[in-house]
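Participant: Got a structure here, written out as structure tokens. Questions coming.
The values are calculated or read from the model by the stated rules, or taken from the named source; none is laboratory data. All figures in this text were calculated on a predicted structure; none of them were measured in a lab. All Cβ positions, glycine included, derive from the backbone under ideal geometry; neighbour counts span all protein chains shown.
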Amino acid sequence: MLDRAIFAAFLTYGLTQCAVPMLVGILTFGVLYIAYAVWVFKKWEKNFSGHRVTRRNKYCPSNRLLPDNKKLEDNKARILENSKYHEQFDTCELLNDVHNMEVTKKENHVFRERAKRSPSLRPTMVASRGSSQSGRDITGALRGSLNMVDKAEELDMDHIYVSFFDFLWAFTFIGPCSYFLWKKGTIILRLRQVLEKKGIIKPEPCDYEAICATLLLEQTQAIHYYARTSKDSPLGNIACFFFADFPYVDNNCNYQVADLFAVDIDLDTKRFVKAKMDDISLTAKEALILLWFNTIA
């Protein structure tokens, strides 16, 4: 809000310094532009956004609590069950560690406590009035515009409400800049492709082993970490990431689901060690394709 206020102040000052004909022209253009933006916003609401409401509205999917996550025990049992169907997982040392995950459970409990959301979109205001009885409901919980009792039936990621002024700001300043950056990047990419075909430049070699480790250790795929070798293991300091019922697209562009996809990463070198999907051993390049698809899908 502060950046918009500063922009409005500078705009007002600039308009007061303009000559009358120029001022009339600027105001006319501004009115026509806003009218056009309103028309685009109405079209966008009709064809895309639908009947979206703010999170404070009780009918918004984000107003309720998140649905229960799938229990760790269920995920663990699924991994162990699916591993039984494929011979190459019989000798997997890290599957034994999946049986005992007390340390992971404790760490996850601390994380969940910290991740509990506030009952309001303005948590500082709720906290300031939380000491008074008027700031709490009959159960003693802090009052707020968000529902802290009922849980949503499922995660809904396509309901974000955008007001007209937010839309106007994005339509005016974010959209054109994003288009310019996209166009600039596309032109540079095409130029590099031409230079590469002519042999003028060469692309840097891709380190698939390092990128696999980065995707698993530093991105959202880290939630699939389940096991790690012991300190005296001859395998080294290895962490394994298990994906039960792993969806992927095969070479014929058909949807498939693998029983178990597992990737081992060396935590000392931060590099790929090996990967297995059902009865297939995968290279780092093949594993990277699957991991990237799973990240963006």
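Participant: The conditions are (1) under 30 Å from ALA170 (Cα atoms); (2) of a type in the set (A, V, I, L, M); (3) within 25 Å of the chain's Cα centre (by Cα), and ILE188 fails exactly one of them. Which is it?
Facilitator: Evaluating ILE188 over (1) under 30 Å from ALA170 (Cα atoms); (2) of a type in the set (A, V, I, L, M); (3) within 25 Å of the chain's Cα centre (by Cα) leaves (3) as the failure.
Participant: So PHE243 clears everything in (1) in a strand (DSSP E or B); (2) over 21 Å from the mean Cα position of the chain (by Cα) except one condition, right? Which one?
Facilitator: For PHE243, the exception is condition (2).
Participant: Which one of these is touching a helix residue (DSSP H, G or I) at 6+ places or on another chain (Cβ under 9 Å), in a helix (DSSP H, G or I) and aliphatic (A, V, I, L, M): LEU235, LEU195, LEU216?
Facilitator: Unique residue meeting the criteria: LEU216.
Participant: Restricting attention to segment 264-297, which residues are closer than 15 Å to GLU218 by Cα, over 23 Å from the mean Cα position of the chain (by Cα) and polar (S, T, N, Q)?
Facilitator: THR269
Participant: Now, a different point. Among the residues of segment 42-70 satisfying the criterion of being of a type in the set (A, V, I, L, M) and modelled with pLDDT under 75, which is surrounded by the fewest Cβ atoms within 10 Å (Cβ to Cβ)?
Facilitator: Among them, the one singled out is LEU66.
Participant: Kindly provide the set of residues from segment 275-297 that are buried (at least 17 other Cβ atoms within 10 Å of the Cβ) and in contact with a Ser or Thr (Cβ under 9 Å, 6 or more places away or on another chain), ordered by number.
Facilitator: ALA275
Participant: Picking from SER178, SER230, which residue would you name as being of a type in the set (Gly, Ala, Ser), over 23 Å from ARG78 (Cβ atoms) and assigned to a loop (DSSP other than H, G, I, E, B)?
Facilitator: SER230
Participant: Considering (1) at positive phi; (2) surrounded by 10 or more Cβ atoms within 10 Å (Cβ to Cβ), say which one GLY199 fails and leave the rest.
Facilitator: (2)
Participant: Across segment 246-259, what is the total count of residues that are of a type in the set (Phe, Trp, Tyr) and surrounded by 15 or more Cβ atoms within 10 Å (Cβ to Cβ)?
Facilitator: Residues flagged as of a type in the set (Phe, Trp, Tyr) and surrounded by 15 or more Cβ atoms within 10 Å (Cβ to Cβ) within segment 246-259 amount to 2.
Participant: Could you please tell me which pairs satisfy a Cβ distance under 7 Å, a separation of 6+ or placement on different chains, a first residue in segment 211-232 that is touching a residue at least 24 places away in the same chain (Cβ under 8 Å) and closer than 21 Å to THR283 by Cα, and a second residue that is of a type outside the set (A, V, I, L, M, F, W, C) and surrounded by 19 or more Cβ atoms within 10 Å (Cβ to Cβ)?
Facilitator: As it stands, the answer is LEU215/GLN221, since those pairs meet every condition given.
Participant: Here's something else I'd like to know. Tell me the residue from ALA210, ALA222, ALA262 that is touching a Lys or Arg at 6+ places or on another chain (Cβ under 7 Å) and surrounded by fewer than 18 Cβ atoms within 10 Å (Cβ to Cβ), please.
Facilitator: ALA210
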